[in-house]
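The values are calculated or read from the model by the stated rules, or taken from the named source; none is laboratory data. If you're wondering where the values come from, they're calculated on a predicted model, not measured in any experiment. Using ideal geometry, Cβ is built from the backbone for each residue, glycine included, and neighbour counts are taken over all protein chains shown.
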Amino acid sequence: MKRREFLVSSSALALTSTGPLSASAAKFALQPFALRDVRLLDSPWTVLMERNRQYLHALESDRLLHTFRVTAGLASSAAPMGGWESPDVELRGHFLGHYLSGCAMISVSARDEAIKAKANGIVAALAECQRANGGYLSAFPAEFLERLKTGGKVWAPWYTIHKILAGLLDMHTFTGNQQALDVLQGMSDWTAKWAEAISDQQMQTILKVEFGGMAEVLHSLSALTGSPRHGRLADRFEKRSFLDPLAQHRDELKGLHANTHIPQAIGAARKYEVTGDARYRDIAEYFWSRVVEHHSYCTGGNSDHESFCAPDQQSKALSATTQECCCSYNMLKLTRHVFSWTASAAAADYYERALFNGILGTMHPSTGMTMYYVPLAAGYWKMFGLPRNSFWCCTGTGAESFSKLQDSIYFHDDRSLYVNLFIPSALEWTEKGLTVRQETAFPDQASSQLSLKCDKPLDLKLMVRIPAWASGAEVKVNGRRVSSQVQAGSFCSIQRTWKTGDKIEVALPMKLQAAAMPDDPTLQAFLYGPLVLAGRLGANGLTAEAQASDLKATVKNHYLRGKPVSVPDLQAASKDPASWIKPVPGQALTFRTTGQPKDVTLIPLNRLFDERYAVYWRVQKPKA
């Protein structure tokens, strides 16, 4: 069997179909397709990917490498980057790891050999830095890691190193760069030596400082190399105070820094996949279900001031810093694991919700810059980074997210093809001699069409997701309606022998629905199909600085300087929002309230830019 990516990267998953993983007891219901097997068709999705590709091309390699070279004692005359990549910021170097991951994936997604060559050059430069620094590789001195041993104050050095290691692994996985793997293994060896003199008790203290996905990348490296030493090192990065309660199905997430801990659940997922230890699958699944069902907003995002609130208490956790973009990125990664194990329609529904509402609207349509937070408190606005003077954590995950937008559209087992997402795309399933072309204008049009081309007649089960929001959906094969198994919140199963020219049409009725806060039914958001709607509140008081920031350490104070505008309460005699929120004729996905003291226009949150907005509204019955 040929080697394949298991796409969530390492950052993706970097699984192979041969070697140690195939001998484990891990059970996969489905496998994803490699990025190279799926191509986006011309559409708004390709516009987003192209903006991201241009940004990756524009960034100067020598500037990205500057602090790595200085740390290694090598000469550099480049101007350093700003923001979180400034030479005086302790998290410096993290973005270069994200950058390598983004370049590796978009070189496949966009068939871009130039970006691959550019990233290969960066890997070669990192190898030179590593040789000059005795096997150590980072943009900050190893002294930062010594501070962890003594309890000194330091900003997340293992978090930063994880990003670099993940970027190297992605360069090997997606582009076949052997030097990247060599550098990665060299830094793994250095890490093992650093950790060998540290007791388990001391290591648990060290793990109180954010350490990213160290367990994930090391388990992925173990699967790739077959070396147990990488797995043993990964085990040193298990934070027992977090994992043990989850293993006992106890939700103790309140107050935890969300983006510190979601990667740890992903690490547990990777350990299950590599070792077959079912305890870690249970941990990952329980964490996923608790976050999705009890700690998430209507958008699928989570966290306020970067932390989890108490379960089902989101009405008390709305601010300018609600929904960190990194958390959405990492929950999509974790969801991909869960779906591959379970083939759950609910997991695919969540993926769609978080992708459409937590990722797509976080890139500015003019500048291509991405966001840190998606504010969900009414009256705020979207704020974006600057090209060379921000480099927040979410700048990095944004560079990755928009490099792999075809990820997770399709999955398969030996006898079935799963269609999860309605995105214009073409799939080449070489082993089956099958090409699938999905043409759709979703969500502007509530339908999609699949056209098949088969090298020879093919006996295959086609599984088409019918979203939970699509009550009354209809599926047709060659114009004939499929009469059974078309139920919202499930997969429609179509078993037949397919041939070239076969067409599948999917009608996906979309309707307005209210999403009330679990702890306050009068605080409501409104969705149309999977799309969260935002009310347009104008741009009063918004300066250019307010909408694009170069702040080094945080964007929180930026928002605190601004004042949200007043937001009107809404009145509704009916629980059905369609009775008082009406489509605007001639304007796709645009709605207007009726009968309010002050009516407002609502559009999808992922299409609203450069103005204030509201997602959650106070909705009361009209006074008698």
Item to check | In region 579-607, residue nearest to Gln445 (Cα to Cα) [restricted to those that are out of contact with any Leu (no Cβ under 8 Å at 6 or more places or on another chain) and in a strand (DSSP E or B)] | outcome: Pro583
Next on the checklist: For the list (1) farther than 28 Å from Leu74 by Cβ; (2) at pLDDT 95 or above, I need the number of the one condition that Tyr159 fails.
Outcome noted: (1)
Item to check | Residue that is closer than 22 Å to Ala234 by Cα and not acidic (Asp, Glu), where the choices are Ala166, Ala119, Ala78, Ala114 | outcome: Ala166
Checklist entry - When residues of region 103-119 are filtered for being of a type in the set (A, V, I, L, M) and out of contact with any helix residue (DSSP H, G or I) (no Cβ under 8 Å at 6 or more places or on another chain), how many remain? => result 1
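Return a yes/no flag: does region 227-247 have any residue that is on the phi > 0 side of the Ramachandran plot and either acidic (Asp, Glu) or crowded, with 16+ Cβ neighbours inside 10 Å (or both).
Taking region 227-247 and keeping what is on the phi > 0 side of the Ramachandran plot, we get none.
No.
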Checklist entry - Do you know which residues across region 514-552 are surrounded by fewer than 17 Cβ atoms within 10 Å (Cβ to Cβ), among the polar types (S, T, N, Q) and within 25 Å of Trp580 (Cα to Cα)? => result Thr522
Item to check | Matching residues in region 385-394 - criterion: being surrounded by 24 or more Cβ atoms within 10 Å (Cβ to Cβ) and in contact with a Ser or Thr (Cβ under 8 Å, 6 or more places away or on another chain) | outcome: Gly385, Ser390, Cys394
Item to check | Filter result for the condition that a residue is buried (at least 22 other Cβ atoms within 10 Å of the Cβ) and modelled with pLDDT of 95 or more, over Leu65, Leu74 | outcome: Leu65
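Considering Thr173, Thr205, Thr160, Thr191, which residue is touching a helix residue (DSSP H, G or I) at 6+ places or on another chain (Cβ under 6 Å), among the hydroxyl-bearing types (Ser, Thr, Tyr) and not in a loop (DSSP other than H, G, I, E, B)?
Residue meeting the stated conditions: Thr160.
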Checklist outcome for this item: For region 360-371, pairs from a residue that is within 16 Å of Glu400 (Cα to Cα) to a residue that is part of a helix (DSSP H, G or I) and of a type in the set (Val, Ile, Thr), with Cβ under 6 Å and 6 or more apart or across chains, are Thr370/Thr362; Thr370/Thr395; Met371/Thr362
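Here is a list: Gly102, Gly151, Gly121, Gly135. Which entry is closer than 30 Å to Phe33 by Cα and surrounded by fewer than 18 Cβ atoms within 10 Å (Cβ to Cβ)?
Details: Gly102 fails: surrounded by fewer than 18 Cβ atoms within 10 Å (Cβ to Cβ); Gly151 fails: closer than 30 Å to Phe33 by Cα; Gly135 fails: closer than 30 Å to Phe33 by Cα.
Going through Gly102, Gly151, Gly121, Gly135 in turn, just one is closer than 30 Å to Phe33 by Cα and surrounded by fewer than 18 Cβ atoms within 10 Å (Cβ to Cβ): Gly121.
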Checklist outcome for this item: Here, helices (runs of 4 or more DSSP H) confined to region 23-127 with at least 2 residues that are over 20 Å from the mean Cα position of the chain (by Cα) are 44-58, 61-71
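Yes/no per residue for (1) closer than 18 Å to Gln438 by Cα; (2) assigned to a loop (DSSP other than H, G, I, E, B):
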{"position": "Ala346", "(1), (2)": "no, no"}
{"position": "Asp349", "(1), (2)": "no, no"}
{"position": "Leu355", "(1), (2)": "no, no"}
{"position": "Lys382", "(1), (2)": "no, yes"}
{"position": "Asn389", "(1), (2)": "no, yes"}
{"position": "Thr395", "(1), (2)": "no, no"}
{"position": "Leu405", "(1), (2)": "yes, yes"}
{"position": "Tyr418", "(1), (2)": "yes, no"}
Checklist outcome for this item: When region 608-624 is checked residue by residue, the ones that are assigned to a loop (DSSP other than H, G, I, E, B), of a type outside the set (Ser, Thr, Tyr) and under 26 Å from the mean Cα position of the chain (by Cα) are Leu608, Phe609, Asp610, Glu611, Arg612, Val615
Checklist outcome for this item: In region 536-554, residues that are more than 25 Å from the chain's Cα centre (by Cα) and outside any loop (DSSP other than H, G, I, E, B) total 4
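Scan region 452-463 and tell me whether some residue there is within 23 Å of the chain's Cα centre (by Cα) and part of a strand (DSSP E or B).
Within region 452-463, the subset within 23 Å of the chain's Cα centre (by Cα) is none.
No, because not a single residue in region 452-463 is within 23 Å of the chain's Cα centre (by Cα) and part of a strand (DSSP E or B).
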Checklist entry - Out of all the residues in region 326-339, is one or more farther than 28 Å from Ser188 by Cα, at pLDDT below 95 and either touching a Ser or Thr at 6+ places or on another chain (Cβ under 7 Å) or not aliphatic (A, V, I, L, M) (or both)? => result no
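Would you check which residues across region 465-481 are in a loop (DSSP other than H, G, I, E, B) and either buried (at least 18 other Cβ atoms within 10 Å of the Cβ) or of a type in the set (Ser, Thr, Tyr) (or both) and list them? If you could, list the steps in order and put the result at the bottom.
Applying the first criterion (in a loop (DSSP other than H, G, I, E, B)) to region 465-481 yields 467-473, 478-479.
Scanning region 465-481 gives Pro467, Ala468, Trp469, Ala470, Ser471, Ala473.
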Checklist entry - Do you know which residues across region 176-188 are part of a loop (DSSP other than H, G, I, E, B) and without any contact (Cβ under 8 Å) to a residue 24 or more places away in the chain? => result Gly176
Checklist entry - Looking only at region 357-377, which residues are over 17 Å from Asn52 (Cβ atoms) and buried (at least 22 other Cβ atoms within 10 Å of the Cβ)? => result Asn357, Tyr373, Val374, Pro375, Leu376
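Each row is one residue, and each column tells you yes or no for (1) in contact with a strand residue (DSSP E or B) (Cβ under 7 Å, 6 or more places away or on another chain); (2) surrounded by fewer than 20 Cβ atoms within 10 Å (Cβ to Cβ).
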{"site": "Arg415", "(1), (2)": "yes, yes"}
{"site": "Val419", "(1), (2)": "yes, no"}
{"site": "Ser425", "(1), (2)": "yes, no"}
{"site": "Glu431", "(1), (2)": "no, yes"}
{"site": "Glu439", "(1), (2)": "yes, yes"}
{"site": "Lys453", "(1), (2)": "yes, yes"}
{"site": "Lys456", "(1), (2)": "no, yes"}
{"site": "Met463", "(1), (2)": "yes, no"}
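Is it fair to say Asp444 is in contact (Cβ under 8 Å) with a residue 40 or more places away in the chain, surrounded by 19 or more Cβ atoms within 10 Å (Cβ to Cβ) and part of a loop (DSSP other than H, G, I, E, B)? Before the answer, list the steps.
Numbers: in contact (Cβ under 8 Å) with a residue 40 or more places away in the chain: yes; surrounded by 19 or more Cβ atoms within 10 Å (Cβ to Cβ): no; part of a loop (DSSP other than H, G, I, E, B): yes.
Against the criterion (in contact (Cβ under 8 Å) with a residue 40 or more places away in the chain, surrounded by 19 or more Cβ atoms within 10 Å (Cβ to Cβ) and part of a loop (DSSP other than H, G, I, E, B)), Asp444 does not qualify.
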Next on the checklist: Kindly evaluate Ala488 against the criterion of being at pLDDT 95 or above, closer than 25 Å to Trp45 by Cα and part of a loop (DSSP other than H, G, I, E, B).
Outcome noted: no
Next on the checklist: Suppose we keep only residues that are surrounded by 24 or more Cβ atoms within 10 Å (Cβ to Cβ) and out of contact with any Leu (no Cβ under 6 Å at 6 or more places or on another chain) within region 171-187. Which one would you say is nearest to Tyr136 (Cα to Cα)?
Outcome noted: Thr173
Item to check | Failed condition for Ala192, given (1) closer than 24 Å to Val89 by Cβ; (2) among the small types (Gly, Ala, Ser); (3) at pLDDT 95 or above | outcome: (1)
Next on the checklist: Condition check: modelled with pLDDT under 95, charged (D, E, K, R), under 30 Å from Phe391 (Cβ atoms) and surrounded by 15 or more Cβ atoms within 10 Å (Cβ to Cβ). Does Glu5 satisfy that?
Outcome noted: yes
